[in-house]
Amino acid sequence: MAHRYLEITKERSRIINHLHAALDQTFPELNDIFNPIRSVLGLTFVSLFPHPDFLTGYIPGTMAKQIIGLVSPKIHLDLIVRRCNEVWQAGQLSYPAQSANSFLTNQIHSYCEEIQRYNQAHDLLKRQLITYAKTFPEFKLIASIPGAGEISTALLLGFTGKIARFPSYKQLNA
């Protein structure tokens, strides 16, 4: 499970890099506003407005109403409004290298959907890994070390198995 978790993390990062490269051609300012683009809010903005021309007819208030309906109610309204203002202002000043009907805008939508799928798989695997790791008696001890969170502890236990099987710390390191 730990190997799969790292594979998903690596693949998601690869797609995020592709998304950033595509946005450099269509709406580069979004790379500065949402960096890295992997949150639900960032992906929603990028998917809806992959090019400044998609902002035509919008003002920050109408953007916020649309975004609020698409994201979790746990995301603060102030953050959504602030991001709408930033995106709208950036759209007024942007001069993209590609037109709004470029193949890249469709590619950006695909990247956003793919990242969201990886996010869901990542979160599910993370929960499963932590749940499994909690069955090890060492979990509480390792997780209590400052800086060692649940996922780091779960990954350590996922790669090493039962730590008690190592007679010394040197063998564990090796």
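The values are calculated or read from the model by the stated rules, or taken from the named source; none is laboratory data. Just so we're clear, the structure is a prediction, and the values are computed from it rather than from any experiment. No Cβ is skipped: glycine too gets one built from the backbone with ideal geometry, and neighbour counts run over all protein chains shown. SASA here: full protein model, heavy atoms, side chains in, ligands and nucleic acids out. Shrake-Rupley method; radii C 1.70, N 1.55, O 1.52, S 1.80 Å.
Every helix of 4 or more DSSP H residues in the chain counts as -39500 (n - 2.57), and over all residues that averages to -21500 deg cm²/dmol at 222 nm.
Per-residue packing, averaged as other Cβ atoms within 10 Å, sorts the ranges 107-119, 141-153 into the order 107-119, 141-153, beginning with the highest. Principal-axis analysis of the Cα atoms of the chain puts helix 150-160 at an angle of about 50° to the longest axis. In terms of its alpha-carbon gyration tensor, the range 84-174 comes out prolate; a/c meets the 1.5 threshold, and the first ratio a/b outweighs b/c. Does the range 1-84 come out rounded, prolate or oblate, given a ≥ b ≥ c as the square roots of the eigenvalues of its C-alpha gyration tensor, rounded meaning a/c under 1.5 and, failing that, prolate meaning a/b above b/c? Since a/c reaches 1.5 but b/c is at least a/b, the shape of the range 1-84 is classed as oblate.
Rg over Rh for the chain works out to 1.12, both radii taken from alpha-carbon positions and Rh defined as the Kirkwood radius. Among the trypsin sites (Lys or Arg not before Pro) in the range 1-109, those placed in a DSSP loop whose Cβ has at most 12 other Cβ atoms within 10 Å are 74. Of the heavy-atom accessible surface of the chain (probe 1.4 angstrom), what whole percent is carbon and sulfur? Here carbon and sulfur together make up 55 percent of the probe-accessible area. Per-residue packing, averaged as other Cβ atoms within 10 Å, sorts the ranges 160-170, 120-130, 24-34 into the order 24-34, 120-130, 160-170, beginning with the highest. At what distance in angstrom do the alpha carbon centres of the range 113-174 and the range 23-62 lie from each other? Cα centroid of the range 113-174 versus Cα centroid of the range 23-62: 35 Å apart.
The HN-Hα couplings worked out from phi for the range 82-87 by the Karplus form 6.51 cos²θ - 1.76 cosθ + 1.60 (θ = phi - 60°) are 4, 5, 4, 4, 5, 5 Hz, whole numbers, x standing for Gly and Pro.
For 72, 102, the ranking by accessible surface with the largest value first comes to 72, 102, using a 1.4 Å probe.
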